1. Would you work out which of A230, I43, Q250 lies farthest towards the positive end of the dipole of the chain? Charges go on Cβ: Lys and Arg +1, Asp and Glu -1.
2. Using the Cα centre of the chain as origin and beta-carbon charges of +1 (Lys, Arg) and -1 (Asp, Glu), tell me which of A13, H291, I169 is placed farthest towards the positive end of the dipole.
3. When the dipole is taken about the Cα centre of the chain, and only Lys, Arg (+1) and Asp, Glu (-1) are charged at their Cβ, what size is it in debye, to the nearest 20?
4. Are there GluC sites (Glu not before Pro) in the range 40-95 that DSSP marks as loop and that have at most 14 other Cβ atoms within 10 Å, and which are they?
5. Within the accessible area of the range 103-173, what % is carbon and sulfur when the probe is 1.4 Å and the other protein chains stay in place?
6. Whenever you get a sec, compute what percent of the accessible area on the range 180-296 sits on carbon and sulfur atoms (1.4 Å probe).
7. For the chain, modelled as a Gaussian network with Cα springs under 10 Å, which listed residue fluctuates most, A25, A151, A267?
8. With a ≥ b ≥ c taken as the square roots of the eigenvalues of the C-alpha gyration tensor of the chain, please select rounded if a/c is under 1.5 and otherwise prolate if a/b is larger than b/c or oblate if it is not?
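The values are calculated or read from the model by the stated rules, or taken from the named source; none is laboratory data. A quick note: this is a predicted structure, and the numbers were derived from the prediction, not measured. Virtual Cβ from ideal backbone geometry, glycine too; neighbours counted across all protein chains shown. Surface accessibility is based on the protein's heavy atoms, side chains included, excluding ligands, DNA and RNA. Shrake-Rupley method; radii C 1.70, N 1.55, O 1.52, S 1.80 Å.
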Amino acid sequence: MPEQGLAVALEQAGPIPLAAELNCAPGELVALVGPSGSGKSTILRHIAGLHRTARGHVRCQGESWFESEGGMHLSPQLRRVGFVFQDYALFPHLTALGNVSAALGHLARGQRRSRALALLDEVNLGGLERRLPRQLSGGQRQRVALARALAREPRALLLDEPFSAVDQITRRKLQQQLAALRRSLSVPIVLVTHDLDEATALADRMVVLHHGRTLQQGPPLEVTAKPQSALVARLVGGRNIFEGVVLEQQPGRGRTILRWLDIKLEAEHNPAFAPGQQASWLVPAQSIVLHRRDRP
């Protein structure tokens, strides 16, 4: 992991089981994907210091935020994390300007208003600073929440399903704005999402979680094209997943022979599977090419 990145390792038996690891470099966006209950939002809360796990560590930008062995646990206020919650968690009695200003306590009072206005402009909300949350659309509230998260000058930015409460058209617009905004950010960004298309479009790397355990991580297209197990394939929306038995290995011909139902299949030689062993494979629809045996 780069020295200035985010490194997380969390392990506990309960109440929510965790055995998760992830790294995120400055300026990189890592997407956490998996079914409901897989621990995605819980991991964000551990990074932010809202939860404390039994074993592991959270390190960011050269600082240790949590070390189970040494008993270190920095409070959320000391971690300088920008957190955008799924429901935005805006103060209903404060205007957009007031919500952003509330996160600028590290600045002198005379500097807060101008900085808050600049952040609202940055997320395309200039002119709406006097509106209360109830007077804003879902997409506008989301952008106020993002501006407030950036106001802390965070060392890491955490996004928990930030686009789930808006319609599809607004969702795509917000995704485009985030993609444009992140070019100017040099902090690790961790995004929780159920939307695999969103993860593929926005993320540099994807982490697949199931029951709190990291199953696979890598570039989104690599994970979806080359899942390391049938479970990962299903979790990333893979179809055409088959199971069969290895009949024999033919290294001289560069082939592995499989039996699927009553059919023998020839596959590229893979010595990792012994004859008689069960094997699973994925056939992506876009990779299928039909040809005649006598006319390859």
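1. I43
2. Farthest towards the positive end: I169.
3. For this selection, approximately 800 debye.
4. For GluC sites (Glu not before Pro) across the range 40-95 that sit outside H, G, I, E and B with at most 14 neighbouring Cβ atoms in 10 Å, the list reads E69.
5. 45 percent
6. 52 percent
7. A267
8. Prolate is the answer for the chain, as a/c is 1.5 or above and a/b outweighs b/c.
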